[in-house]
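The structure appears below as structure tokens.
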Amino acid sequence: MTYKIYIPIDSTALSLGANDVFYAITAEAKKRKIDLTVIRNGSRGLFWLEPLVEVETKSGRVAFGPVTTNDVEKLFDQEFYLGKEGVLFLGLTDDLHWLKNQERLTFARVGITDPLDINDYEKHAGFNGLRKAIELEPQLIVNEVTDSGLRGRGGAAFPTGIKWQTVLNTPSKTKYIVCNADEGDSGTFSDRMIMENDPFVLIEGMIIAGMAVGAEYGYIYLRSEYPDAQEVLNKAINIAKEKGFLGNNILSSGYNFDLEVTRAAGAYICGEETSLLESLEGKRGMVRYKPPLPAIEGLYGKPTAVNNVITLATVPIIMDKGASFYADFGMGRSKGTLPIQLAGNLKQTGLIEKAFGISLRELLYDFGGGSFTGNPIKAVQVGGPLGAFLPEGQFDTPLDYEKFSEINAVVGHGGIVAFDDTTDMAKMARYSFEFCAIESCGKCTPCRIGSTRGMEVIDKIKGGIDQDKNEKLLRDLGETMVNGSLCAMGGMTPFPVISALNFFPKDFGLEKKKA
Amino acid sequence: MNLSETQRITIEKHVETFLTKPGALLPLMHAIQDSLGYIPEDSYPIISSAYNLSIAEIHGFVTFYHHFRTSPSGKNILQVCRAESCQSMGSESIENYCKKVLGVDYHETSKDGVITLEPVYCLGNCACSPSVMMNDKVIGRVTPEKIDNIIKAVKQS
């Protein structure tokens, strides 16, 4: 008889040696003449336990982890393939605290299925959303997305339904769907996980988007730092084409849709939608003035829906289960769920999909288990390099777009990076400016020049030179950048800087003043 | 520096492949760099006449993107993540360690030509910081010992 084993192929699992574990397990099984069927699944998102090996048993999947090649003989000695207890045994995967307390909608299949097995995808509700969308008029698809309350998960949180409505309403023979997969924010990896671990859900979401707005072609603009995702996506697109989910007359619906992956080239600014469009057109990724909105004049001047990976990957479940099912999750105007990414200095890191409303404290301590180093957590940065640093006093803020906005912070793409008390926050603030200087497209002055001047001013404050004057100058510079920059790059860089200055003046050498 | 015959043929082949593709410059430059290891500036006139772009436009495009290089790299590229999550887990000491053992700064190649060191801003491996990438392979939770092993492995191959 054969035993079913799961070994993840997600790139974080691979970065911890999942392939070596795979080779060691298959070799050991051969040696002991044990018949294993090994499935390379996606990651369940419990990255501190990766490589996490699972065994299928009558009562469900049982987990072992983190497995190294040194553990393999021991695992076989204890007959792990029968799901027997022993070293590294974690119990039923679905019963693990981390997974049990989540609401996985967008990530429903991630870690469970083989990413490139389209039959497995369909068995797990795959393409149900597409089949329902085919039965609807485009306007009704847009209505469904609007009613679900889904907002752009890339960071800007703009209502997806309104964006799609604009594209639908703009008459044009040619329209485009552009998936923004330039996930450059530190602390974020949910786009990567969807693309590597459940690529068909993104493809399905893009097809539905195309049907809704009247677009027949799509691009996935993928960052060059994600070679594994590129390979998986290209394979998935070919499989979907073979099965008739892409191309002409999809599932005999009369709709046509095709798409391709475009590899970016390492410019953070190209995550900004207009810069991304410039880059796709084969130009420098310089930010465009708005208006015109990309929904009206986007790629090659045509109406274009530019949506983040998670936004598009959430559309299938909304179409499948209905707008009100999705809108029932969450709080206030932040409807549904958010794939939250715990990263940085935490004991337990990984992916948590939860309804909006959970507090940072719950995430950092109940899920994250506190800091990795065991030191107190000094600050967290939410929403990538342009997000504010939040001190302990703000850890009870619920994850909600509006609540975060009230404290001059952003939820962004849902990445949370924790820093322990050894962190010099003035250094982090300086880094924010440095990053802005490296990545600025250079089109507007506040961002291009302000970032470099900002670094210099912080150096002066830290060096004790005219501290009062320079602190005022720094705040003034922040205000200029916020109000005078063309896009979020320059417009939000002051968020981390000024929050660091407000909450950790000591690190800037401004101890006395703050009293 | 002039193009070698094989370089010229490779470039012309790629130029031809993407001639009718909208937004050709991005895939074209990737194709050239993937084949030759870098984008020789002497390729610009060929691209310029085929795509009806000025040399300045092509130069502006190539230099905008961190990924593209206009001079050859070492046999391998080691990218060290400098972004926030990795910083929170001590990436600065990893950066310094790499610079020390390779005897180079960023954007430089070790004397034996085996490794070019580059900074990178996020590899999406933030749950297992600090991270580095050797060529196309990401390695998480790196320590100086792991760096030694990674360097040893490419030197032996």
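The values are calculated or read from the model by the stated rules, or taken from the named source; none is laboratory data. Because the structure is a prediction, the values reported are computed rather than measured. Glycine also receives a Cβ, built like all others from the backbone with ideal geometry; neighbour counts cover every protein chain displayed. Quick note on the areas: whole protein, heavy atoms, side chains included, nothing else; ligands and nucleic acids left out. Shrake-Rupley method; radii C 1.70, N 1.55, O 1.52, S 1.80 Å.
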### Query
What share of the DSSP beta bridges in chain A is antiparallel, in percent to the nearest 5?
55 percent
### Partners for residue A:58 among aspartates and glutamates (Cα-Cα distance below 14 Å; same-chain residues under 8 apart left out)
A:94
### Summary
For region A:56-144, averaging the sequence separation of alpha carbon pairs under 8 Å that lie six or more residues apart and dividing by its residue count, the contact order in percent is 21 percent
### Query
Under the rule that a partner needs its Cβ under 4.7 Å from the first Cβ, which Cys of chain B have none?
B:98, B:122, B:126, B:128
### Query
Using modelled backbone amide H atoms (1.01 Å from N, in-plane), which distant-in-sequence or interchain residues come within less than 5 Å of residue A:253's amide H?
none
### Task
Could you work out the Kirkwood radius for chain A, taking every pair of different alpha carbons, averaging 1/r and inverting it, reported in Å?
24.0 Å
### Message
Quick check: residue separation of residue B:52 and residue B:4 times 0.36 nm, minus the Cα distance between them. What number comes out in nm?
### Response
14.9 nm
### Message
Distance between the C-alpha centers of region A:79-131 and region A:221-245? Whole Å please.
### Response
21 Å
#### Entry: Stokes-Einstein D (µm²/s) once Rh is taken as the Kirkwood radius of chain B over alpha-carbon pairs, at 25 °C in 0.890 mPa s
144 µm²/s
### Message
At 1.4 Å probe size, put A:153, A:61 in order of accessible surface, largest to smallest.
### Response
A:61, A:153
### Query
Which value at 222 nm does chain A reach when only helices count, each DSSP H run of 4 or more adding -39,500 (n - 2.57), with the total divided by all residues and rounded to the nearest 500 deg cm²/dmol?
-11500 deg cm²/dmol
#### Entry: region A:185-206 residues near the modelled residue A:251 label - backbone nitrogen below 19 Å, point 7 Å along Cα→Cβ
A:198-206
### Query
Within 10 Å of each Cβ of A:277-286, how many other protein chain Cβ atoms are there on average?
5
### Query
Computed FRET efficiency, Cβ-Cβ of residue A:472 and residue A:402, R0 22 Å: what is it to the nearest 0.05?
0.10
### Query
Taking the Cβ-Cβ separation of residue A:172 and residue A:234 as r and a Förster radius of 25 Å, what is the calculated FRET efficiency to the nearest 0.05?
0.30
### Query
Scattering from the C-alpha atoms of region B:76-156 alone, worked out with Debye: what is log10 I(q)/I(0) at q = 0.19, 0.22, 0.24 1/Å?
-0.70, -0.96, -1.15
### Query
Among all the lysines, which ones have a C-alpha under 22 Å from residue A:378's C-alpha, if same-chain residues fewer than 8 places away are not counted?
A:347, A:403, A:427, A:462, A:506, A:512, A:513, A:514
### Query
Where in region A:6-36 is the amide nitrogen less than 15 Å from a point lying 7 Å along the Cα-to-Cβ axis of residue A:74?
none
### Message
How high is the relative contact order of chain A? Use alpha-carbon pairs under 8 Å, at least six apart in sequence, and give a whole percent.
### Response
13 percent
### Summary
In the structure shown, of A:175/A:354; A:173/B:21; A:163/A:290; A:31/A:84; A:33/A:74; B:13/B:155, the pairs separated by more than 25 angstrom at the C-alpha atoms are A:175/A:354; B:13/B:155
### Task
In Å and from the alpha-carbon atoms only, list the Rg and Dmax of region A:330-420.
11.8, 36
### residue A:260/residue B:42 FRET efficiency (R0 35 Å; Cβ-Cβ; nearest 0.05)
0.75
### Summary
Sparse-neighbourhood loop hits (trypsin sites (Lys or Arg not before Pro), region A:3-54; DSSP loop; Cβ within 10 Å at most 10 others) -> A:33
### Task
Quickly estimate the mean residue ellipticity at 222 nm for chain B, helices only: each DSSP H run with n ≥ 4 gives -39500 (n - 2.57), and the total goes over all residues, rounded to 500.
-14000 deg cm²/dmol
### Query
Which residues' amide hydrogens lie under 5 Å from the amide hydrogen of residue B:108, considering only partners 5 or more residues apart or on another chain, with H built in the peptide plane?
B:117
### Query
Do any trypsin sites (Lys or Arg not before Pro) in region A:158-194 lie in a DSSP loop with no more than 11 other beta carbon atoms within 10 Å, and if so, which?
A:173
